[in-house]
Amino acid sequence: MILRAAKVSLVVGVAIFYTFVVFNNLTDYDSNYQFIRHVLMMDSTFPGNRGMWRAMNGPTWHIVFYWTIIVWESVTTVLCWWGGLRLARCLKGDVNSFRKAKNAAIIGLSLSLLMWLVAFLSAGGEWFLMWQSKTWNGQEAAFRMFTVVGIVLLLLVQSEAEERA
């Protein structure tokens, strides 16, 4: 029961985090938009680097990328809340119901991991050379979130003692 409660609490914790992220992206739109804009324009990467042909300077691209991230985060938020609530309802239930209740949370946590890995670490960090920027480098935060969410996912998918019996 304690392991189940830990799983529920951590999934809800991730849902709370994403709720704040989406809220901040919508209520302080410009701050976070500027981050995306500068990463895509590559305007703070090393001078004269040979990857500048990758830069996307059109505001339409900046808006598309930013809204894609906001929608991605919103879907992740909904799935983590849904998964957390489903898990909470099955907290004292049988093994099979609790196992089935994990699905929404697993999908939400996996979407989160994909966002940090694909959008921030791969596209932002490597394709747009975010690692070269001292000002607009979100790799440390992305890695931190990838790690936190990854640990939650690993704990969630662990079978419990009664599941192994």
Margin query: What lysines does residue 92 reach when the alpha-carbon gap must be under 28 Å and sequence neighbours fewer than 8 apart in one chain are set aside?
Written below: 7, 100, 102
Next item on the list: Mind putting a number on the dipole of the chain about its Cα centre? Charges go on the C-beta only, +1 for Lys and Arg and -1 for Asp and Glu, and I need it in Debye to the nearest 20.
Entry: 380
Note to self: What does the extension gain come out to for residue 20 and residue 49, with contour length at 0.36 nm per residue minus their alpha carbon separation?
What the structure shows: 6.8 nm
Next item on the list: Enumerate by residue number the trypsin sites (Lys or Arg not before Pro) in the stretch 87-153 meeting two conditions: DSSP loop (anything except H, G, I, E, B), and at most 13 other Cβ atoms within 10 Å of the site's Cβ.
Entry: 92, 134
Notebook entry, point to check: Helix 139-157 sits at what angle to the longest principal axis of the chain, using alpha carbons and giving 0 to 90 degrees rounded to 10?
Noted result: 20
Note to self: I need the semi-axes of the equivalent ellipsoid of the stretch 1-150: take the C-alpha gyration tensor, multiply each eigenvalue by 5, square-root it, list largest first in whole angstrom.
What the structure shows: 36, 14, 11
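Throughout, read-outs are computed from the coordinates displayed, never taken from laboratory work. Since we're looking at a predicted model, the values are computed, not measured. Heads up, the Cβs are rebuilt from the backbone with ideal geometry, glycines too, and the neighbour counts pull from every protein chain shown.
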